[in-house]
Amino acid sequence: MHQDQPDYQISLVSFESHFDQMLPLMQSHFNEISYHTDYEFAPNKNLYVEAEKQGKMKLFVVKSGDSLIGYSTYFINKHNHVAILQAHQDSIYLKPDYRRHGIGKVLMQFAENIFRSLGVSVVFVSVSDKYDYSDMLIPMGYKSVEKLYARSL
């Protein structure tokens, strides 16, 4: 626990019920790390809601009091080549004032505990070059397994 630790709560919630509250944070996240700045920010709410209804998407939120200060979304699917379930982190975001307090680590550990109970074997996390938090992931046991490249067409 870090000195001057903010009060916060982490929970697994419904995407649809939290979408409106999340939208400003999603926009901030997009503005901070996106390479797609020439595209309009327009999250596909229905994609998330439908995936959630199928049990293939989980939303974890971090609140301080009634204020949403962070979130993380994961998509869960069967691996294409081995008989396991895997979770892919779609996004993780904390408001800047709440970073470097260990909250992101606790958020990820909370999600991992849920995934264990669902039978997930592997969690994949992508780290943006614009905000690299590998220094948190490596001590948690995450390993670099591939590089991701993008090209706009």
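Where does segment 59-153 land on Rg(C-alpha)/(2.2 N^0.38 Å)? Present the calculation step by step, with values, prior to reporting the outcome.
Values: Rg = 14.3 Å, N = 95, 2.2 N^0.38 = 12.4 Å.
So segment 59-153 has a normalised radius of gyration of 1.15.
Pairs of alpha-carbon atoms within less than 8 angstrom and 6+ residues apart define the contacts here; what relative contact order does the chain have, in percent?
Numbers: 174 pairs, mean separation 33.9, N = 153.
Answer for the chain is 22 percent.
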Using Cα pairs closer than 8 Å and at least 6 residues apart in sequence, work out the relative contact order for segment 41-91, in percent.
25
In Hz, Karplus ³J(HN,Hα) per residue of segment 129-140 (6.51, -1.76, 1.60; θ = phi - 60°; x = Gly, Pro)
5, 7, 8, 8, 10, 4, 4, 8, 5, 4, x, 7
About the Cα centre of the chain, what is the dipole size in debye to 20, counting +1 per Lys and Arg Cβ and -1 per Asp and Glu Cβ, all else neutral?
500
Segment 10-57 shape via C-alpha gyration tensor axes, a/c threshold 1.5
prolate
For an R0 of 22 angstrom, estimate the FRET efficiency from the Cβ-Cβ distance between LEU12 and TYR98 and round to the nearest 0.05.
0.70
Residue-span extension gain [HIS81 to GLN27] - 0.36 nm each, minus C-alpha spacing:
16.0 nm
Cα-projected label distance for GLU50 with ALA150, points at 7 Å along beta-carbon direction, nm
2.2
Summing -39500 (n - 2.57) over every DSSP H run of at least 4 residues in the chain and dividing by its residue count gives a helix-only mean residue ellipticity at 222 nm, to the nearest 500 deg cm²/dmol, of -9500 deg cm²/dmol
Equivalent ellipsoid dimensions for segment 16-113 as semi-axes, Å, which come from the Cα gyration tensor, largest first:
22, 18, 14
Peptide ranges 59-72, 82-95 listed from the most packed, as the mean C-beta count within 10 angstrom indicates
59-72, 82-95
Scalar couplings 3J(HN,Hα) for segment 18-30 by Karplus 6.51 cos²θ - 1.76 cosθ + 1.60 (θ = phi - 60°), nearest whole Hz, x for Gly and Pro, are 10, 4, 4, 5, 7, 3, x, 5, 4, 5, 4, 4, 4
Under 10 Å, Cα contacts only: if you run a Gaussian network model on the chain, which one of GLU40, GLU112, GLU16 comes out with the highest mean-square fluctuation?
GLU40
Residue by residue through segment 62-77, which ³J(HN,Hα) values in whole Hz follow from phi under the Karplus form 6.51 cos²θ - 1.76 cosθ + 1.60 (θ = phi - 60°), with glycine and proline marked x?
10, 10, 10, x, 8, 8, 6, 10, x, 7, 8, 10, 9, 10, 10, 8
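Highest first, please rank the peptides 100-110, 125-135 by the mean number of other Cβ atoms sitting within 10 Å of their residues. Please list the in-between numbers first.
Values: 100-110: 16.7, 125-135: 12.2.
Listed from highest to lowest mean packing, they are 100-110, 125-135.
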Expressed per residue, the solvent accessible area of the chain in Å² (1.4 Å probe) is about 65
Sulfur and carbon atoms: percent of accessible area, the chain [1.4 Å]
50
Using a simple spin-label model with points 7 Å from Cα along the Cα→Cβ vector, what separation in nm is obtained for PHE124 and GLN89?
1.4
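The values are calculated or read from the model by the stated rules, or taken from the named source; none is laboratory data. From a predicted model like this one, the values you see are computed outputs, not experimental measurements. Positions of Cβ are backbone-derived with ideal geometry, glycine not excepted, and every protein chain shown enters the neighbour counts. The accessibility values were calculated without ligands, DNA or RNA, using every heavy atom of the protein model including side chains. Shrake-Rupley method; radii C 1.70, N 1.55, O 1.52, S 1.80 Å.
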